[in-house]
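The values are calculated or read from the model by the stated rules, or taken from the named source; none is laboratory data. No experiment lies behind these values; they were computed from the predicted model shown. Here the Cβ positions follow ideal geometry from the backbone for every residue, glycine too, while neighbour counts run over all protein chains shown. These accessible areas exclude ligands, DNA and RNA; they are computed on the full protein's heavy atoms, side chains included. Shrake-Rupley method; radii C 1.70, N 1.55, O 1.52, S 1.80 Å.
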Amino acid sequence: MQNLPYFFMEPLIWWAWKAPKRIFTVLKRVLVLLNHEISFTLNIRLLFVPLFGDYTISGRVIGIIMRLGQILFGLVAVLFLLGLMLVSPFLWYYLPLFLIHYLKFYFFFVLVLS
């Protein structure tokens, strides 16, 4: 029995291996960018350092409250994106079944027109 030519297998290899790997890589980079933008890990490290160099008692209290708020917001955002990053490759595999189930006969037209 002869092997199929590579150009018949290439779309299947792309769909099954390369696309989920790329989705995971892109979302991993977005997670790193989010961490840099909201300074999540930096705020954890600098929690007890006075904000804006204000060394008074009220400045330290305001700084801790502000950093705790940013840490809480950052934790929610990072956990949401981490969950999305871990689930998205599996959603990629589920997408054709989802389209077949909800679009029924129209899935054929979507497949042909894309």
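Summary table
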| item | result |
| --- | --- |
| Rg(Cα)/(2.2 N^0.38 Å) for the chain, N = residue count | 1.75 |
| Area of Ile100 that stays accessible when all protein chains are in place (1.4 Å probe, Å², to 10) | 90 |
| Heavy-atom accessible area per residue - the chain, 1.4 Å, Å² | 83 |
| Accessible surface of the stretch 1-61 [probe 1.4 Å, protein heavy atoms]: carbon and sulfur percent | 69 |
| Exposure of Phe73 as accessible area (Å², to 10), given a probe of 1.4 Å and all protein chains | 130 |
| Within a Gaussian network of the chain (alpha carbon springs, distance under 10 Å), most fluctuating of Tyr93, Tyr55, Tyr102 | Tyr102 |
| Heavy-atom accessible area order for Glu10, Glu37, largest first, 1.4 Å probe | Glu37, Glu10 |
| Dipole magnitude of the chain, debye to nearest 20 (Cβ charges: Lys/Arg +1, Asp/Glu -1, about Cα centre) | 120 |
| Calculated FRET efficiency for the pair Tyr6/Phe98, C-beta based, R₀ 25 Å, to 0.05 | 0.30 |
| J(HN,Hα) series, the stretch 30-44, from Karplus relation 6.51 cos²θ - 1.76 cosθ + 1.60, nearest Hz, glycine and proline x | 5, 5, 5, 5, 4, 4, 5, 6, 9, 6, 5, 5, 5, 5, 5 |
